Structures are given as structure tokens and as C-alpha cells.
Amino acid sequence: MKKMSTRILVEAGIMIALAQILSYVKIYEFPYGGSVTAGSMIPIVLFSMRWGSKNGLLAGFVYGILQFVLGPKYSYHPLSVLLDYLLPFASIGLSGLIRKNLLTNMASITIAMLSRFIFHFISGIILWAPTTGENVYLYSLIYNGSYMLPEFLISAVIIAALYKPLKRFLYEINT
């Protein structure tokens with residue numbers, strides 16, 4: 001098994017900490033979890049773009065653990081921990097899937113955010129279904145989409161704006 005370099009570990013720790021701090025800057029918070037933040041996923045996205053999705057998935061997973069441990073808890077159900085925290089935040093690491101240029105990075109970020117949304121969507125269907133007779137699929141789609149879409153747009157716009165100045169940082173790893 002290939003060891004992770006000290007540099008990767010240090011950068012992961014810094015980016016996870018930045019993501020955690022940014023997660024406290026909330027533009028809007030929903031009553032049963034989920035919020036629109038000031039780009040809290042961006043540090044994990046940048047880390048994944050720099051070091052690839054394998055390392056990004058691990059950093060996102062650790063970030064998910066921190067989100068559960070340090071954030072408000074709406075459920076302690078094991079499926080909730082898995083579908084609301086661990087897997088969705090780990091999936092942010094998919095942002096490093098294709099790292100050739102801005103267009104491929106945006107495609108990877110879209111895949112990552114869609115993956116995160118799917119985990120929250122499934123959780124909404126299984127764990128958070130309304131008991132008022134509403135369509136559970138529509139409920140989960142609207143509830144989770146109403147914070148994931150703005151969060152994705154904020155992240156995509158900021159990443160696109162930062163791409164050119166950070167290009168050297170993202171691709172020249174041995175500097």
C-alpha cells in the first residue's frame with residue numbers, strides 16, 4: 001500500500017479545517033438539516049482537484065465525520081450518519097476525478113455535487129419522509145435540492161473565478 005506523503009496529509013488537514021470553519025458561515029440554514037454556506041465545500045474540492053479523487057474521498061470522509069461530531073445533530077440513526085454525513089461529504093472528493101482543465105474540473109465538481117445530493121435525497125426518502133401524505137420523492141427532491149443547488153452554484157462560481165490564479169497550485173504538485 002502506497003503511503004500518503006506528509007505534504008498531502010498536511011494539506012488535507014488544512015483544507016478540512018478551512019471547510020469546517022466555512023461551514024459555520026451560513027447564508028441560510030434549513031430546519032431539519034442542510035444549509036447554504038459561504039462555499040464550505042471549496043477547500044475539499046480544491047484539495048481533490050490537486051491530489052485526485054482517492055485522496056479527496058478520504059479528506060471528504062474526515063470532513064463528514066467532523067460535520068457530524070461538531071455540528072447540530074438531527075438524528076443518531078446509523079443510516080442517517082451514513083447517508084447524511086459520511087458518504088455525502090466523502091463524495092465531494094469526486095471533484096478530483098478528471099483534472100485536465102477548467103471544463104473537466106467543472107464536470108467532476110458536478111458529478112461530486114450530484115453524488116452528494118443523491119445521498120441526501122435517498123436519506124430524505126428513507127429517514128425523513130413526511131407523515132402528512134406528501135409525495136416522499138418530491139419532498140426529498142425539493143428539500144435537499146433547495147440547499148444543494150445554491151451550494152453547488154456558489155462553489156462552481158468561486159472555483160471558476162479562482163481557477164486561473166490557482167492553476168499553478170493545482171497542477172504543479174512538485175513545486
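The values are calculated or read from the model by the stated rules, or taken from the named source; none is laboratory data. Since we're looking at a predicted model, the values are computed, not measured. With ideal geometry, Cβ positions are generated from the backbone for all residues, glycine too; neighbour counts draw on all protein chains shown. Keep in mind that these areas ignore ligands, DNA and RNA; they rest on the heavy atoms of the full protein, side chains included. Shrake-Rupley method; radii C 1.70, N 1.55, O 1.52, S 1.80 Å.
Numbers at a glance
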{"item": "Candidates A160, A129, filtered to the one that is more than 20 Å from M41 (Cβ to Cβ) and of a type in the set (A, V, I, L, M, F, W, C)", "result": "A129"}
{"item": "Filtered residue count, segment 84-112, keeping only those that are modelled with pLDDT of 95 or more, closer than 17 Å to G33 by Cα and in contact with a Ser or Thr (Cβ under 8 Å, 6 or more places away or on another chain)", "result": "1"}
{"item": "In segment 21-44, residue nearest to the chain's Cα centre (by Cα) [restricted to those that are among the hydrophobic types (A, V, I, L, M, F, W, C) and either closer than 15 Å to L149 by Cα or surrounded by 16 or more Cβ atoms within 10 Å (Cβ to Cβ) (or both)]", "result": "M41"}
{"item": "Total residues in segment 1-33, condition at positive phi and assigned to a helix (DSSP H, G or I)", "result": "0"}
{"item": "Total residues in segment 129-175, condition assigned to a helix (DSSP H, G or I) and open to solvent by 80 Å² or more (accessible area, probe 1.4 Å)", "result": "11"}
{"item": "Where a residue in segment 139-159 is at negative phi and in contact (Cβ under 8 Å) with a residue 60 or more places away in the chain and its partner, wherever it lies, is of a type in the set (G, A, S) and in a helix (DSSP H, G or I), with Cβ under 7 Å and at least six apart", "result": "Y143/G124; N144/G124"}
{"item": "Residue within segment 63-86 that is open to solvent by 20 Å² or more (accessible area, probe 1.4 Å) and touching a residue at least 60 places away in the same chain (Cβ under 8 Å) present", "result": "no"}
{"item": "Condition broken by V81, with the remaining ones in (1) closer than 26 Å to E11 by Cα; (2) modelled with pLDDT of 95 or more; (3) among the β-branched types (V, I, T) satisfied", "result": "(2)"}
{"item": "Subset of segment 91-128 (residues that are open to solvent by 50 Å² or more (accessible area, probe 1.4 Å), assigned to a helix (DSSP H, G or I) and not aromatic (F, W, Y))", "result": "L102, L103, T110, I111, L114, I118, I122, I126"}
{"item": "Hits in segment 120-175 (condition: under 13 Å from the mean Cα position of the chain (by Cα), of a type in the set (A, V, I, L, M, F, W, C) and more than 18 Å from G96 (Cβ to Cβ))", "result": "M148, L149, L153, I154"}
{"item": "Test: residue in segment 45-59 that is surrounded by 19 or more Cβ atoms within 10 Å (Cβ to Cβ) and β-branched (V, I, T)", "result": "yes"}
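Yes/no per residue for (1) aromatic (F, W, Y); (2) farther than 20 Å from S123 by Cβ; (3) in contact with a strand residue (DSSP E or B) (Cβ under 8 Å, 6 or more places away or on another chain):
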site	(1), (2), (3)
S5	no, yes, no
I8	no, yes, no
E11	no, yes, no
I16	no, yes, no
S23	no, no, yes
Y28	yes, no, yes
G34	no, no, no
I42	no, yes, no
